[in-house]
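Taking it in order: structure first as structure tokens, then the write-up.
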Amino acid sequence: MTETPTLRQRLQQDFDRVHEAISSRRARLRVRETGSVVQVGQGIALVKGLPSLRSEELVELAGGHLGIALDLRPDRVGVILLSSGEALVAGSPVRATGRLADTPVGQRLLGRVIDASG
């Protein structure tokens, strides 16, 4: 006949499992550079607080909107909005993505001339 574990033994087993699960996990921290919108108008947003932003880097604005950083200045960055940006207001958060703007290339694009007008 098997002996049923006491409440203390069951609790100890549960705590041991929890301790093992916690000790096997490693927290990973990611540093993300964030800034805020200073001004928005005519498809351009002026942003502050992104000192290591690169030219032509994609930035993510509030509401999932994307923009391309073009006018890099010491105190602010000019961002061209890739969508209407009607919901953007001064103070909206902006996040650097670390990705440069690019165009995917495949077999259908090979041999074609691409210019600014498409």
**OP:** For Asp71, state whether it is touching a Gly at 6+ places or on another chain (Cβ under 9 Å), charged (D, E, K, R) and over 18 Å from Arg95 (Cβ atoms).
**Re:** yes
Original post:
Any residue at all in the range 44-62 that is at pLDDT 90 or above and on the phi > 0 side of the Ramachandran plot?
Top reply: yes
**OP:** Hand me the list of strands (runs of 3 or more DSSP E) wholly inside the range 1-95 holding 1 or more residues that are without any contact (Cβ under 8 Å) to a residue 12 or more places away in the chain.
**Re:** 34-41, 66-72
**OP:** Just give me the residues in the range 81-118 being closer than 15 Å to Gly43 by Cα, surrounded by fewer than 16 Cβ atoms within 10 Å (Cβ to Cβ) and modelled with pLDDT of 90 or more, in sequence order.
**Re:** Leu82, Val89, Ala90
**OP:** Give the residues of the range 84-118 that are over 16 Å from Gln39 (Cα atoms) and small (Gly, Ala, Ser), sorted by residue number.
**Re:** Ala96, Gly98, Ala101, Gly106, Gly111, Ala116, Ser117, Gly118
Original post:
Tell me, which residue of the range 1-28 that is acidic (Asp, Glu) and modelled with pLDDT of 80 or more is most open to solvent (accessible area, probe 1.4 Å)?
Top reply: Glu20
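The values are calculated or read from the model by the stated rules, or taken from the named source; none is laboratory data. This one's a predicted model, so the numbers in the text were calculated from it and none came from an experiment. When we count neighbours, we look across all protein chains shown, and the Cβ atoms used for this are built from the backbone with ideal geometry, even at glycine. Keep in mind that these areas ignore ligands, DNA and RNA; they rest on the heavy atoms of the full protein, side chains included. Shrake-Rupley method; radii C 1.70, N 1.55, O 1.52, S 1.80 Å.
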